[in-house]
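To start, the structure itself, in structure tokens.
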Amino acid sequence: MEDLLELRKNIDIIDNEIVELYERRMKISEQVAEYKIATGKKVFDKSREDSKLETLSQKASGEFTRHGILELFEQIMAMSRKKQYQLLTEHGICEKEDFESVDDIDFTNARVVFQGVEGAYSQLAMKEYFGDKCDSYNVETWKDAMEDIKNNKADFAVLPIENSSAGIVSENYDLLVEYDNYIVGEQIIKIDHSLLGVPGAGLSDIKTVYSHPQALMQCSEYLENNRQWNKISLKNTAVSAKKVKDDNDISKAAIASHISADIYGLEVLDECIQNNKNNSTRFIIVSGRKICRKDSGRISICFEIPHKSGSLYHMLSHFIYNGVNMTNIQSRPIQGRNWEYRFFIDFEGKFTDDAVQNALRGLKEETIALKILGTY
């Protein structure tokens, strides 16, 4: 048996040879890129790569080695593509996104829609973003808000997208795919939930609690300590407060903002009852126009990928290889396709950044479908 140091020395020699061969291969890849630039040929040739991988895998001496060769050469080919994407950008071959870039988005005389009733957290977020005197109205559902943007009844909509405790608002992620509406801004507000009852009610009187499902989740620890209460989900926290006011029943309470207590003449029976005392919700501002500020520094996209092992890794590698910082990633099931998912990603950067250009170019060529949801 050879000495361990001798074995390691032999591995070092082989590794050095692999490095030299890899660099030679990448040099040839650059020449391939020059050819594709001259002829307008696409970088990603899936049938060619699949055929090449099959041929190489047949050269393996065993099943374990075959899997290793497939994985190795998938990575080498992926690196080759990324180098070619970079060269396209260096040659000034860039795809301009068809977003109108402006110094500032004009909100003058803008009509804004939010879901819920007076006192809804969406209304609070709207006022934080647009100001107290904006021209606004409310609708019953988030889908109604997106429909009104689509039909030009409103210029902007305010939708909750993510809570720091309860996670994503899945329905609104799905609506971003369903509608050709785009994110132009965001507003984060602190969420403090209170338990509201009719005047004269006490905690011992409560039998039923109403609120939005996310608010019930955000207050799960408090509700667990009051298991005897019946929990009922409604479309909105403010809607819940209005119902308690309309029913005028001391056995009913709502989880909503303290502002809803003022609006609907209710009493705060308990306050700050959410699990996370730093509970916050991120709202997105949506428009029917593909518009963005020139100083926008975040981009949101969604994409579908081949339903095969390693697909997501290969897509995310476009961010890693180009040094693009992802700030959020979520997934949603694709309707009608069991166990397949659509991915939503937020990342830092501008369309004019070379790194962003390279990452988006790679994703557009290699995903099944990609949609840019907005930059803000």
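Quick one: which residue in Ile329, Ile250 is touching a strand residue (DSSP E or B) at 6+ places or on another chain (Cβ under 9 Å) and either in the same structural domain as Asp180 (by TED's automatic domain parsing) or assigned to a loop (DSSP other than H, G, I, E, B) (or both)? After applying the criteria, what remains is Ile250.
Here Asn163 clears all of (1) free of Cβ contacts under 8 Å to residues at least 12 places away in the same chain; (2) closer than 24 Å to Val239 by Cβ except the condition numbered (1). The condition of being hydroxyl-bearing (Ser, Thr, Tyr), in contact (Cβ under 8 Å) with a residue 24 or more places away in the chain and more than 19 Å from Ser164 (Cα to Cα) holds for only one of Ser300, Ser280, Ser296, Ser257, that being Ser296.
The values are calculated or read from the model by the stated rules, or taken from the named source; none is laboratory data. These numbers were taken from a predicted model, which means no experiment stands behind them. Positions of Cβ are backbone-derived with ideal geometry, glycine not excepted, and every protein chain shown enters the neighbour counts.
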